[in-house]
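Have a look at the structure below, then the notes.
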Amino acid sequence: MSMKCDLVVVGAGPGGSMTAKTAAQAGLKVVLLEKRQEIGDPVRCAEGVGKRALCEMVKPEPEWIAAEVKGAKIYAPDGTSIVMSEDKSGSEVGYVLERKVFDRALAMQAAEAGAKVMVKTRALGLLKKDGVPCGVSAMRVGEPLQIEAPIVIGADGVESKVGRWAGIDTALKLKDMETCAQFLVQDNTIDDEYTEFFLGNSIAPAGYAWAFPKGEKLANVGLGVLGTRSKPGEATRLLKDFVKARYPNGKVLEMVVGGDPCAGQIESTTSDGVMLVGDAARQTDPLTGGGILSAMQAGIMAGEVASKALTAGDVSKAGLKEYEDRWREDIGKHLTRSYEFKEFFVKMTDDDLNQLLGSLKKEDISKMDLRGMLRVLFRLNPKLLWELRHLVV
Amino acid sequence: MIFLLTINRYKCCYCGACVGVCPACALELAETMIEVAADCKECGICTRICPVGALEVKA
Ligand SMILES: Cc1cc2nc3c(=O)[nH]c(=O)nc-3n(C[C@H](O)[C@H](O)[C@H](O)COP(=O)(O)OP(=O)(O)OC[C@H]3O[C@@H](n4cnc5c(N)ncnc54)[C@H](O)[C@@H]3O)c2cc1C
Ligand code: SF4
Ligand code: SF4
């Protein structure tokens with residue numbers, strides 16, 4: 001079977017659905033492909049998201065908000081903790097989502113805007129005419145399908161192939177990927193009001209462990225380990241130890257695993273007739289691993305640029321340059337800064353981490369944002385943080 | 001000696017992390033099934049990123 005459209009989007013995660021919705025609203029004929037039979041399932045996410053930035057893009061719906069938190073608690077390896085309030089630490093966490101519902105709701109919005117959603121349909125490669133991409137070949141419920149389109153969006157997540165098919169090397173180095181495992185834990189000791197972050201090289205080497213509450217004493221409890229510090233199965237093994245130590249009576253109701261890119265800006269996210277969005281473009285925040293918002297933001301930009309490029313009649317790499325420029329100016333700058341912090345963070349010993357968090361004990365950081373806190377940290381620990389001085393302004 | 005990448009399908013949680021790090025683009029996640037292509041160099045990179053230890057390079 002074959003079909004034609006203006007834009008084919010590969011992958012119906014938050015990035016792909018926002019691209020499809022934006023482009024369809026601009027009047028393009030859009031096809032959104034998802035290889036899974038159920039959008040959003042299985043989840044590979046801790047589901048934490050900044051409230052303000054999210055609400056700028058979509059109207060919050062109670063169906064997909066599992067919990068709202070007051071702030072974040074960060075624990076040093078020696079158990080010392082600091083508390084940050086949500087309105088200040090803001091950007092990263094505010095809501096804990098129910099991504100199975102959220103991802104489907106976003107795909108639904110794309111469909112309502114006019115996009116054709118096709119599930120259990122896997123892109124297998126790019127169609128090319130004179131070497132230039134002009135659509136995708138796919139398999140739909142076991143049957144071949146060709147979709148011709150002048151622009152293809154790769155929103156195909158951590159396992160992205162669209163970029164590679166287009167000649168963009170998106171393969172991640174082990175030092176640029178966190179290997180993660182997470183359990184949905186039910187336990188009376190769970191803090192329903194705060195997201196919690198646990199640092200320490202014996203808990204999660206060059207990563208961190210987290211507990212993101214989902215209401216009614218349930219939480220996503222997980223951890224990420226830097227690829228270079230991992231062995232086969234390490235993430236799951238360490239998570240079992242962590243859960244046993246922290247929630248000895250906890251009950252595990254769900255298991256999630258996944259790879260979270262922490263690569264910073266990659267060289268290229270466009271080629272002739274192709275744009276990459278979200279995890280496929282490695283747009284995840286390298287320090288926190290958060291990637292829902294940047295995938296959605298980039299999706300909106302890609303949808304807008306697709307519509308402009310088609311109107312202008314130039315879908316070449318040069319014609320799509322606006323996408324490259326826009327996301328780098330915004331998300332990109334943040335990624336670069338965050339990548340520097342990550343590269344520094346992964347070298348820290350437990351003693352360093354204890355010193356840093358310990359130094360904040362006598363300070364009132366409750367009213368500070370992340371930047372303000374960094375300034376205080378730098379003032380109190382100039383020697384330890386010397387390498388980062390150019391970032392602390 | 002011949003090395004071979006083996007997948008324990010009973011362990012795999014089809015997360016796609018291994019696909020993202022394979023330098024040879026030899027892996028594919030077909031919904032819930034990891035497939036290995038002949039281009040696999042048996043370098044073992046994917047085995048280290050697998051959160052559950054489903055991949056092994058065996059002699
Ligand atoms: C353990 C873990 C915890 C995380 N926690 C957080 C968090 O708390 N907050 C946060 O913001 N981010 C978090 N992230 C990151 C976040 O999950 C991702 O950044 C986000 O899902 C990216 O969205 P996306 O649309 O780019 O890709 P995805 O959501 O991965 O969607 C990609 C889609 O493409 C589909 N696809 C792939 N290949 C094909 C193909 N060939 N044909 C058709 N469809 C295809 C996939 O099936 C998938 O549905 C976490 C990640 C992990 C692994
Ligand atoms: S990384 Fe492991 S669990 Fe994830 S898809 Fe690959 S083999 Fe399966
Ligand atoms: S062993 Fe190396 S080449 Fe083979 S699939 Fe794994 S990462 Fe790719």
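The values are calculated or read from the model by the stated rules, or taken from the named source; none is laboratory data. What you see is a predicted model, and the numbers here were worked out from it, not measured in a lab. Glycine gets a Cβ as well: all are built from the backbone with ideal geometry, and neighbour counts include every protein chain shown. Side chains are part of the model used for accessible areas, which takes the heavy atoms of the whole protein and leaves out ligands, DNA and RNA. Shrake-Rupley method; radii C 1.70, N 1.55, O 1.52, S 1.80 Å.
With all pairs of different alpha carbon atoms counted, what Kirkwood hydrodynamic radius in Å does the range A:149-209 show?
It is 15.5 Å.
Sum up the charges of everything whose Cβ sits under 11 Å from the Cβ of A:PRO205, counting Lys and Arg as +1 and Asp and Glu as -1, but leave A:PRO205 out.
Around A:PRO205, the surrounding residues sum to -1.
Pull out the extension gain between A:SER316 and A:LYS240, defined as 0.36 nm times the separation in residues minus the alpha carbon to alpha carbon distance; nm, one decimal.
Extending this stretch completely gives an extra 22.5 nm.
Could you tell me the calculated FRET efficiency between A:LYS217 and A:THR349, based on Cβ-Cβ distance and R0 = 35 angstrom, to the nearest 0.05?
Details: r = 34 Å, r/R0 = 0.98.
Efficiency, rounded to the nearest 0.05: 0.55.
Average partner chain C-beta neighbours within 10 Å, per residue of A:250-262?
So the per-residue partner count for this stretch is 3.
Count the DSSP beta bridges whose two residues both fall in chain A, then state the antiparallel fraction as a percent rounded to the nearest 5.
Percent antiparallel among DSSP bridges in chain A is about 70.
Put +1 on the Cβ of each Lys and Arg and -1 on the Cβ of each Asp and Glu in chain B; which of B:ALA37, B:ALA24, B:ALA54 then has its Cα farthest toward the positive end of the dipole?
The Cα lying farthest towards the positive end belongs to B:ALA54.
How far is helix A:333-345 tilted off the main Cα axis of chain A, in degrees rounded to 10, range 0 to 90?
The angle comes out at about 40 degrees.
At q = 0.10, 0.14 Å⁻¹, what is the log10 ratio I(q)/I(0) for the protein assembly as shown, with the Debye formula run over Cα points and no solvent?
Debye curve over Cα of the protein assembly as shown, log10 I(q)/I(0) at q = 0.10, 0.14 Å⁻¹: -0.70, -1.35.
Show me the three semi-axes of the equivalent ellipsoid for the range A:132-260, from the C-alpha gyration tensor (sqrt of 5 times each eigenvalue), largest first, rounded to whole Å.
37, 19, 12
Taking loop as defined by DSSP and a crowding limit of 12 other beta carbons within 10 Å, which trypsin sites (Lys or Arg not before Pro) in the range A:123-178 fit?
Those satisfying the criteria are A:LYS173.
Summed for both chains, how many Å² of accessible area, to the nearest 100, are buried between B and A with a 1.4 Å probe?
On the way: alone 4160 and 17470 Å², together 19390 Å².
The contact between A and B buries close to 2200 Å².
Got a sec? What order do A:VAL117, A:VAL346 fall in by accessible area at 1.4 Å, biggest, i.e. largest, first?
Largest accessible area first, the list is A:VAL117, A:VAL346.
Excluding ligands, DNA and RNA, what is the solvent-accessible area per residue of the range B:4-58 at a probe of 1.4 Å, expressed in Å²?
Accessible area per residue: 46 Å².
In the structure shown, do any of A:LYS217/A:LYS361; A:LYS73/A:LYS361; A:LYS21/A:LYS100; A:LYS214/A:LYS240 have a Cα-Cα gap over 23 Å, and if so which?
A:LYS217/A:LYS361
Could you list the GluC sites (Glu not before Pro) in the range B:1-51 that lie in coil according to DSSP, counting only those with at most 12 other Cβ atoms within 10 Å of their Cβ?
On the way: sites: B:GLU28, B:GLU31, B:GLU35, B:GLU42; in loops: B:GLU31, B:GLU42.
For GluC sites (Glu not before Pro) across the range B:1-51 that sit outside H, G, I, E and B with at most 12 neighbouring Cβ atoms in 10 Å, the list reads B:GLU31.
Could you calculate the contour length gain from A:LEU370 to A:VAL252, that is, 0.36 nm times the residue separation minus the distance between their Cα atoms, to one decimal place in nm?
Here the answer is 39.2 nm.
Averaging the inverse of every distinct alpha carbon separation and then flipping it gives the Kirkwood radius. What is it for the range B:4-58, in angstrom units? Walk me through the numbers before you get to the answer.
Values: mean 1/r = 0.0923 Å⁻¹.
For the range B:4-58, inverting the mean 1/r across all distinct Cα pairs yields 10.8 Å.
DSSP loop (so not H, G, I, E, B), at most 13 other Cβ within 10 Å: list which GluC sites (Glu not before Pro) in the range A:251-354 pass both filters.
Values: sites: A:GLU254, A:GLU267, A:GLU304, A:GLU322, A:GLU324, A:GLU329, A:GLU340, A:GLU343; in loops: A:GLU267.
Filter output for the range A:251-354: A:GLU267.
Evaluate the charge dipole of the protein assembly as shown about its Cα centre and quote only its size in Debye, nearest 20, assuming +1 on the Cβ of each Lys and Arg and -1 on the Cβ of each Asp and Glu. Intermediate results must be reported in sequence, preceding the final value.
Numbers: 57 positive and 60 negative charges, 88 e Å.
With only Lys, Arg, Asp and Glu charged at Cβ, the dipole is about 420 debye.
Rounding to the nearest 20 debye, state how big the charge dipole of the range B:4-58 is about its Cα centre with +1 on each Lys and Arg Cβ and -1 on each Asp and Glu Cβ.
Dipole magnitude for the range B:4-58 comes out near 220 debye.
How much length, in nm to one decimal, is gained on full extension between A:ASP130 and A:THR228, taken as 0.36 nm per residue of separation minus their Cα-Cα distance?
Details: separation 98, 0.36 × 98 = 35.28 nm, distance 4.06 nm.
Additional length available on full extension: 31.2 nm.
For n ≥ 4 DSSP H runs only, could you compute -39500 (n - 2.57) per run for chain A, divide by its residues and tell me the 222 nm figure to the nearest 500?
Taking each H run of at least 4 residues, the total per residue is -9000 deg cm²/dmol.
How large is the accessible surface per residue of chain A, computed with a 1.4 Å probe and reported in Å² as a whole number?
Roughly 42 Å² per residue, with all protein chains present.
Could you work out the local net charge near B:ARG48, counting Lys and Arg as +1, Asp and Glu as -1, over the other residues with Cβ closer than 14 Å to its Cβ?
That works out to 0.
Which angle from 0 to 90°, rounded to the nearest 10, does the C-alpha axis of helix A:14-25 make with the longest principal axis of chain A?
40
List the pairs from A:LYS175/A:LYS342; A:LYS59/A:LYS333; A:LYS4/A:LYS35; A:LYS51/A:LYS120; A:LYS4/A:LYS120 whose alpha-carbon separation is above 21 Å, in the order I gave them. Before the final figure, lay out the partial values.
On the way: A:LYS175/A:LYS342 11 Å; A:LYS59/A:LYS333 27 Å; A:LYS4/A:LYS35 19 Å; A:LYS51/A:LYS120 31 Å; A:LYS4/A:LYS120 19 Å.
Beyond 21 Å between Cα atoms: A:LYS59/A:LYS333; A:LYS51/A:LYS120.
Heavy atoms only, probe 1.4 Å: what % of the accessible area of chain A goes to carbon and sulfur, would you let me know?
Details: 8580 of 16380 Å².
Its accessible area is 52 percent carbon and sulfur atoms.
If one takes the longest principal axis of the Cα atoms in chain A, at what angle in degrees, from 0 to 90 and to the nearest 10, does the Cα axis of helix A:234-246 lie?
Orientation of helix A:234-246: about 40 degrees from the principal axis.
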